[in-house]
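Here the structure is laid out as structure tokens; the discussion comes afterwards.
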Amino acid sequence: MTDFNTLIELGVDYPQFIRQGNDEQIQHLLREQAKTERVGFLSDELKGEIERLDGSYTLLVAAEMWCPDCLRNVPAFQALCRLAPDIKMSIITRDQATVLFQQQFGVERVKIPFAAILDAELNPLGTFIERPQSVLNGDEDTLSSYKQGERLADTVEDIVAVIQQHRQS
């Protein structure tokens, strides 16, 4: 049976993921990435929370370059990994993830991006699926701002919240 470790080893890193796209996809992803590199991308409070994270974590991300939600959120995942060197990311295809993610997380369909947030022993702590909670629970204006790439910090915040919740339990 395929396990998390096997999928992590099959996965690619962020630069390899970028190279999988066509010119238009790569440019879209790089525009979103540039937003994550701007001063003020994350609040000082969220930066502080990231700095206080301890332990090692892995984001096992099912993503595809053709997916607009992936082009938005994978750069935000990478921004978190850049700020927290003890968080690693491995990116796999939806097809590679489907069986294990369905079994482990009880989902019928693997929506992408789907980030399995794993602790140092590769135990699942939680997930990020498709869009940040603020967007899933928000109104049309929230969705519109998300589609403009204005909610990438919310993606980082959701993953940090999963890790913090684990540390408190």
- How much net charge surrounds CYS67 when only the other residues with a Cβ under 15 Å from the Cβ of CYS67 are counted, with Lys and Arg +1 and Asp and Glu -1? 0
- Query: Within straight cross-link reach of LYS35, meaning Cα distance under 21 Å, which lysines are found once same-chain residues fewer than 8 apart are removed?
  - Reply: LYS47, LYS88, LYS147
- Query: So, counting K/R as plus one and D/E as minus one, what does the shell of residues with Cβ under 14 Å around VAL135 add up to?
  - Reply: -4
- Message: I want the antiparallel fraction of DSSP beta bridges within the chain, as a percent rounded to 5.
- Response: 65
- Relative contact order of the chain, pairs being alpha-carbon contacts under 8 Å that are 6 or more residues apart, as %: 26
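Tell me, what is the FRET efficiency for THR6 and ILE26 to the nearest 0.05, using R0 = 25 angstrom and their Cβ-Cβ distance as r?
Details: r = 28 Å, r/R0 = 1.12.
About 0.35, to the nearest 0.05.
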- Message: At 0.36 nm per residue, and after removing the present C-alpha to C-alpha distance, how many nm does the segment from ARG38 to GLU140 gain when stretched out fully?
- Response: 34.2 nm
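Can you tell me the length gained on complete extension of the stretch ASP95 to ASN123, counting 0.36 nm per residue apart and subtracting the Cα distance?
Difference between extended and current length: 8.0 nm.
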- Which Cys residues of the chain have no other Cys beta carbon under 4.7 Å away? CYS81
- Could you size up the charge dipole of segment 30-169 around its Cα centre, putting +1 on the beta carbon of Lys and Arg and -1 on that of Asp and Glu, and report it in debye to the nearest 20? 340
- Checked against the structure, the computed Kirkwood radius over Cα pairs in Å among (i) 16.0; (ii) 16.6; (iii) 18.7 is the one labelled (i)
- Query: Per residue, how much accessible area does the chain have with a 1.4 Å probe, in Å²?
  - Reply: 52
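The values are calculated or read from the model by the stated rules, or taken from the named source; none is laboratory data. As the structure is a computational prediction, the values presented were derived from the model and not from experiment. When we count neighbours, we look across all protein chains shown, and the Cβ atoms used for this are built from the backbone with ideal geometry, even at glycine. Each accessible area value is taken on the protein alone, full model and side chains, heavy atoms only, with ligands, DNA and RNA left out. Shrake-Rupley method; radii C 1.70, N 1.55, O 1.52, S 1.80 Å.
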